[in-house]
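Everything on this sheet refers to the single structure shown next.
The values are calculated or read from the model by the stated rules, or taken from the named source; none is laboratory data. Model, not experiment: these values are computed from the prediction. Ideal geometry is used to build each Cβ from the backbone, glycine not excepted, and the neighbour counts take in all protein chains shown. For accessibility, only protein heavy atoms count, side chains too; no ligands or nucleic acids. Shrake-Rupley method; radii C 1.70, N 1.55, O 1.52, S 1.80 Å.
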Amino acid sequence: MKNYILISFMFLLALNIYGQSWTKVIEEGDNFEEAILKVDAYYTEHPQSHLDYKLYRRWQEYARHRLSKDGRAVNVSAINYSAYQSLKKSMASQRSTHGDWEEIGPFDYVANDSWSGGGLGRINCTAFHPTNNQIMWVGTAGGGMWKTTNGGSTWFSMTDAFSSIGISEIVLNPSDPNIIYLLTGDSEASPPNAGFPGKSSVGVLKTTDGGVTWKPTGLSYNVSQNVYPTKLIIHPTNGEILFATMKSQGIMRTTNGGTTWTQYQSGRTVWDIEFAIDLPDVIVAISDTGLLRSITGGATWIVDNDPSFPASYQRAEIAMSESNPENVYIVFGGDTNVPGTFNGLYKSTDFGATFTMQSNTPNILDGTLGGTSGTDQAWYDLSIVVDPSDDSKVFVGGVNLWKSEDDGATWSRETWWTRNYVPTDPYVHADWHDLYFRDNRLVANVDGGIYYTEDFGNSWTELTSGLSIMQFYEIDILNDEYIGGSQDNGTNGGDLNGDTCDQLWGGDGFGAVWHTGDNSIQYISNQNAIYRRQFGTSIPISPIELGDNDYWFTEIEMHTTDPDYVFVTSNPPGGGEKDLFRGNGDAFGFDWDDLGISDIVDCQIEGFVQGESNDEVMYVASCELVFKTSNLGATAPDWLPLNLPFYSDGNPVDVEINTTNEDHVWVAISGYLDNDKVWYSSNGGDTWINYSGALPNVSMNCLVFAPNSSDGIYVGTDIGVFYRDATLSDWVYFSNFLPNVQVFDMKVSGGILYVGTHGRGLWKSPTFSSCPENITLTTANDPSNPYNPGTQFYHASNSINSSRLIGGGIGSDIHYQSGNFTDLVPGFWVKAESSLEVKVGGCPD
């Protein structure tokens, strides 16, 4: 308990450190390497604000694996989207039936020993049925769009075929709620002035049948267009008129339901755009260079920046009054020249023609109790709404929610982001992305899920249960249990046969493993420390001083033969030395050996693997090379850089070995070098062959060996899982029923492959098996989502018999190939616009 309290207070003190935002160090034109050198140099001279630094490390980790060959940004979402669509063309005639994925969750959580409170995943936006309050839709960071028809008691995914692109906005046609528009991408995860990979947009998608089928609109972006979304709105009475805003793209307007779009104010980043209530010809928008107004329904625009506005800011958001349509509020956050600040709440009483600042203190955008620090993360989370019946009540969300009852002149904090500090305050997860009033209910989208209050913030109800949207980084499996670290929702563990997880520790969770000699012990981590956890108590055991942000994206693995030892990596801030440690100890203390990796690498350790047949062997992959030792047990092992044919171009992201022969080793490569995805060596790394085959040109993320196989290896990618072994001439797309989602970690246990996805929780499938003789497919054995059944390949040496119902739209690509015949029996049904291919040809393998 003493350790626990210490960690809480250290974290809170860190919130009071003043410092410039890392986003202000990067200059336009920097490539990724140049940008990172500048930010790391800055952090060596300045203390980190936790709020600021965590966003930097998340963005850095995601972006550096998803760059062009010259280190520049590409449209990651468009690459993944296009690659997934191409699978039906390039692989249907070459691959066998493999993979039968089932969702594990978690679908709910219990917050236990957690200083940060717990949650399931980030919600970006909510949309409401115009007449039925029980029907809602939410858009997530990496898990697509979900729908409830019972007020949030249960949820189901509607976009598993394109979930990894992220959803920023959902709007419904006011006269026909079956017509829905999605603004794709996730700008919240990309800094405002750094044009590097995040979940960029593929444009606006549209459905006219309530989400059964989806099509692109005329606003679409390709691989070379690295565009980030900010807002999508629809006319309150004319469902053919919409406005979309993007970073540096100005305002896009359609008057024909998305068929064509016209661009206005090109080059500006428009953060928010809103219709005046009951006067939809009056539109107010706020951009990075000031106010934009239209009184012609968006056909023409006036640049009308009020001189009282802040001279510089990173983001601003608008709230329009329903009770007094002429009243407009704007909140400014994140001064571009001054350390983190609340730049003011402004009010207009003349439809935005003039504004008056209501307040700029306390700092309602920070994470302290009284708004007393100099930190904010407004470019990541900023939201505002006014009470529809009384616009003197204003609510602003940043790290917490603050309320004003006097037009924004004074403020009171209404929520707190941790359960175990100041427990009398209502808990709601940190990082508020949007706020809505629906009748008398205030609805909030935060990094942990979706909440609402019916008493203006005095008490809150969570509606997240049922949403399987956790963004896992690492997972581990033991018998019928799992643990895993996740983005902003800590380390969680649960029963593989249950729906609910227990949050074991807070913050951003990374490496997590069970002690192989005593299963009551777990080793877990967050950005501040490594912990030994036993019987509900977590004790910090870090080899480097606690609280220095040394353990972002740390890897933890047990020794393969001696459970007294555990290996961990460290990743200090500011470009500090990355290292690998070997630890030995118990609840009363740990001894650590520095294994000397920092003498070799200048960048993050991506992964490492120890031999099982020979535990003296270990391979380590960093972002620039792979190296090996054959005397791991030594106090100071000898490390040998391997002669890699992909050294000059590739970015090793993971390394894996055959557990019975440590000379058989694979390396996965991230980024977008075509035919440079996986490399294989059969002689301990002396020579290598390109093992990429027909793998799509998306980022590779992780590898896991298939036990009892002939050099079988699974690779987790940005669009699912692939498999290959010595009996196959190429890779199998091993993703039947798995959503199109980024797979960040994999484990094999008991003949089952488990994957931790970055946005759709945990999934499992029986491991690879050869082509069956006969297959019978019915609605009873179809676990897929009827809205988007995804890409499925079925091959049988003799026959296929199907009575399934196949939905339509993007990603509905079904392929049957049998040796003699395929029977589509009564009950079989396929919706128009789905893709169904039936062939006679047997098993490719």
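One residue is enough: does the range 460-477 have a residue meeting the conditions assigned to a strand (DSSP E or B), aliphatic (A, V, I, L, M) and either closer than 30 Å to residue 521 by Cα or without any contact (Cβ under 8 Å) to a residue 24 or more places away in the chain (or both)?
Keep residues of the range 460-477 that are assigned to a strand (DSSP E or B), which gives 461-462, 471-477.
Restricting the remaining residues to those that are aliphatic (A, V, I, L, M) gives 475, 477.
When the remaining residues are screened for being either closer than 30 Å to residue 521 by Cα or without any contact (Cβ under 8 Å) to a residue 24 or more places away in the chain (or both), the result is 475, 477.
Yes, the conditions are met somewhere in the range 460-477.
Would you check if residue 739 is under 25 Å from residue 166 (Cα atoms), modelled with pLDDT under 95 and out of contact with any helix residue (DSSP H, G or I) (no Cβ under 9 Å at 6 or more places or on another chain)? Walk me through it before giving the result.
Numbers: under 25 Å from residue 166 (Cα atoms): yes; modelled with pLDDT under 95: yes; out of contact with any helix residue (DSSP H, G or I) (no Cβ under 9 Å at 6 or more places or on another chain): no.
Against the criterion (under 25 Å from residue 166 (Cα atoms), modelled with pLDDT under 95 and out of contact with any helix residue (DSSP H, G or I) (no Cβ under 9 Å at 6 or more places or on another chain)), residue 739 does not qualify.
What helices (runs of 4 or more DSSP H) lie completely within the range 1-113 and have 1 or more residues being at pLDDT 85 or above?
Details: elements: 2-14, 32-45, 50-64, 76-90.
The qualifying helices (runs of 4 or more DSSP H) are 32-45, 50-64, 76-90.
Using the structure shown, decide if residue 365 is buried (at least 18 other Cβ atoms within 10 Å of the Cβ), within 16 Å of residue 271 (Cα to Cα) and not aromatic (Phe, Trp, Tyr). Walk me through how you get there before you give the answer.
Details: buried (at least 18 other Cβ atoms within 10 Å of the Cβ): yes; within 16 Å of residue 271 (Cα to Cα): no; not aromatic (Phe, Trp, Tyr): yes.
Considered against the rule, which asks whether it is buried (at least 18 other Cβ atoms within 10 Å of the Cβ), within 16 Å of residue 271 (Cα to Cα) and not aromatic (Phe, Trp, Tyr), residue 365 comes out as no.
Consider residue 118 carefully, then state whether it is crowded, with 21+ Cβ neighbours inside 10 Å, at positive phi, modelled with pLDDT of 85 or more and touching a strand residue (DSSP E or B) at 6+ places or on another chain (Cβ under 8 Å). First the steps, then the outcome.
Values: crowded, with 21+ Cβ neighbours inside 10 Å: yes; at positive phi: yes; modelled with pLDDT of 85 or more: yes; touching a strand residue (DSSP E or B) at 6+ places or on another chain (Cβ under 8 Å): yes.
So residue 118 passes the test.
When only residues in the range 573-602 that are touching a helix residue (DSSP H, G or I) at 6+ places or on another chain (Cβ under 9 Å) and not in a strand (DSSP E or B) count, which is most open to solvent (accessible area, probe 1.4 Å)?
Per the stated criteria, the residue is 577.
Do the conditions hold for residue 711, that is, is it more than 17 Å from residue 765 (Cβ to Cβ), among the acidic types (Asp, Glu) and buried (at least 23 other Cβ atoms within 10 Å of the Cβ)? Walk me through how you get there before you give the answer.
Working: more than 17 Å from residue 765 (Cβ to Cβ): yes; among the acidic types (Asp, Glu): yes; buried (at least 23 other Cβ atoms within 10 Å of the Cβ): no.
So residue 711 does not fit the description; no.
Of a type in the set (Phe, Trp, Tyr) and in a loop (DSSP other than H, G, I, E, B): is that true of residue 510 in this structure? Spell out the reasoning first.
Values: of a type in the set (Phe, Trp, Tyr): yes; in a loop (DSSP other than H, G, I, E, B): yes.
Against the criterion (of a type in the set (Phe, Trp, Tyr) and in a loop (DSSP other than H, G, I, E, B)), residue 510 qualifies.
Taking only the range 732-780 into account, find how many residues are in a strand (DSSP E or B), among the hydroxyl-bearing types (Ser, Thr, Tyr) and free of Cβ contacts under 8 Å to residues at least 60 places away in the same chain.
Pass one, the range 732-780, residues in a strand (DSSP E or B): 732-733, 743-749, 752-758, 762-766, 774-777.
Then keep just the ones that are among the hydroxyl-bearing types (Ser, Thr, Tyr); that gives 733, 749, 754, 757, 765, 776.
Applying the additional criterion that residues be free of Cβ contacts under 8 Å to residues at least 60 places away in the same chain yields 776.
Count: 1.
Name, by its number, the condition in (1) surrounded by fewer than 19 Cβ atoms within 10 Å (Cβ to Cβ); (2) closer than 22 Å to residue 757 by Cβ; (3) in contact with a Phe, Trp or Tyr (Cβ under 7 Å, 6 or more places away or on another chain) that does not hold for residue 503.
(1)
Per-residue answers, yes or no, for (1) modelled with pLDDT of 90 or more; (2) open to solvent by less than 10 Å² (accessible area, probe 1.4 Å); (3) aliphatic (A, V, I, L, M):
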| position | (1), (2), (3) |
| --- | --- |
| 790 | no, yes, no |
| 794 | no, no, no |
| 798 | yes, no, no |
| 802 | yes, yes, no |
| 812 | no, yes, no |
| 824 | yes, no, yes |
| 829 | no, no, no |
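Checking the structure you have, find out if any residue of the range 470-487 is touching a helix residue (DSSP H, G or I) at 6+ places or on another chain (Cβ under 8 Å) and either crowded, with 18+ Cβ neighbours inside 10 Å or among the hydrophobic types (A, V, I, L, M, F, W, C) (or both).
From the range 470-487, those touching a helix residue (DSSP H, G or I) at 6+ places or on another chain (Cβ under 8 Å) are 487; that's our starting set.
Then drop every residue that is not either crowded, with 18+ Cβ neighbours inside 10 Å or among the hydrophobic types (A, V, I, L, M, F, W, C) (or both), which leaves 487.
There is at least one residue in the range 470-487 that is touching a helix residue (DSSP H, G or I) at 6+ places or on another chain (Cβ under 8 Å) and either crowded, with 18+ Cβ neighbours inside 10 Å or among the hydrophobic types (A, V, I, L, M, F, W, C) (or both).
Quick check on this structure: which one of 721, 698 is under 22 Å from residue 760 (Cβ atoms), open to solvent by less than 10 Å² (accessible area, probe 1.4 Å), out of contact with any Lys or Arg (no Cβ under 8 Å at 6 or more places or on another chain) and part of a loop (DSSP other than H, G, I, E, B)?
Values: 721 fails: part of a loop (DSSP other than H, G, I, E, B).
Just one listed residue meets the conditions, 698.
When residues of the range 121-138 are filtered for being under 15 Å from residue 210 (Cα atoms) and part of a strand (DSSP E or B), how many remain?
Final tally of qualifying residues: 5.
Out of all the residues in the range 644-653, is one or more without any contact (Cβ under 8 Å) to a residue 12 or more places away in the chain and within 33 Å of the chain's Cα centre (by Cα)? Reasoning before the result, please.
The first filter runs over the range 644-653 and keeps only residues without any contact (Cβ under 8 Å) to a residue 12 or more places away in the chain, leaving 648.
Still in the running and within 33 Å of the chain's Cα centre (by Cα): 648.
Yes, that holds for at least one residue.
Looking at residue 354, is it open to solvent by 50 Å² or more (accessible area, probe 1.4 Å) and either closer than 15 Å to residue 375 by Cβ or of a type in the set (Val, Ile, Thr) (or both)? It would help to see each step written out before you state the result.
Numbers: open to solvent by 50 Å² or more (accessible area, probe 1.4 Å): yes; either closer than 15 Å to residue 375 by Cβ or of a type in the set (Val, Ile, Thr) (or both): yes.
Considered against the rule, which asks whether it is open to solvent by 50 Å² or more (accessible area, probe 1.4 Å) and either closer than 15 Å to residue 375 by Cβ or of a type in the set (Val, Ile, Thr) (or both), residue 354 comes out as yes.
Which of the residues spanning the range 369-413 are crowded, with 18+ Cβ neighbours inside 10 Å and polar (S, T, N, Q)?
Within the range 369-413, 373, 375, 377, 383, 400, 404 qualify.
Pull out all pairs, ordered by first then second residue, where Cβ-Cβ is under 9 Å, the residues are six or more apart or on different chains, the first lies in the range 369-383 and is farther than 18 Å from residue 123 by Cβ and touching a residue at least 12 places away in the same chain (Cβ under 8 Å), and the second is among the charged types (D, E, K, R) and in a loop (DSSP other than H, G, I, E, B).
Partner pairs satisfying both residue conditions: 369/425; 372/366; 373/366; 374/366; 375/366; 376/335; 376/366.
Quick one: which of 656, 662 is buried (at least 21 other Cβ atoms within 10 Å of the Cβ) and more than 20 Å from residue 723 (Cβ to Cβ)?
Details: 656 fails: more than 20 Å from residue 723 (Cβ to Cβ).
Only one candidate qualifies: 662.
Listed here are the residues, each with its yes/no results for (1) open to solvent by 10 Å² or more (accessible area, probe 1.4 Å); (2) within 28 Å of residue 284 (Cα to Cα).
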{"site": "155", "(1), (2)": "yes, no"}
{"site": "172", "(1), (2)": "yes, yes"}
{"site": "211", "(1), (2)": "no, no"}
{"site": "214", "(1), (2)": "no, no"}
{"site": "226", "(1), (2)": "yes, yes"}
{"site": "241", "(1), (2)": "yes, yes"}
{"site": "246", "(1), (2)": "no, yes"}
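State whether one or more residues within the range 520-538 are within 24 Å of residue 620 (Cα to Cα), open to solvent by 10 Å² or more (accessible area, probe 1.4 Å) and among the basic types (Lys, Arg). Walk me through it before giving the result.
Taking the range 520-538 and keeping what is within 24 Å of residue 620 (Cα to Cα), we get 522-532.
Next cut, open to solvent by 10 Å² or more (accessible area, probe 1.4 Å) only: 522, 528, 532.
With the extra rule that they be among the basic types (Lys, Arg), the set shrinks to 532.
Yes: one or more hits.
Are any residues in the range 64-87 polar (S, T, N, Q), out of contact with any strand residue (DSSP E or B) (no Cβ under 9 Å at 6 or more places or on another chain) and open to solvent by 10 Å² or more (accessible area, probe 1.4 Å), and if so, which ones?
Those that are polar (S, T, N, Q), out of contact with any strand residue (DSSP E or B) (no Cβ under 9 Å at 6 or more places or on another chain) and open to solvent by 10 Å² or more (accessible area, probe 1.4 Å): 68, 82, 86.
I'd like the residue in the range 667-686 that is at pLDDT 95 or above, open to solvent by 20 Å² or more (accessible area, probe 1.4 Å) and polar (S, T, N, Q) and, out of all such residues, is nearest to residue 758 (Cα to Cα).
682
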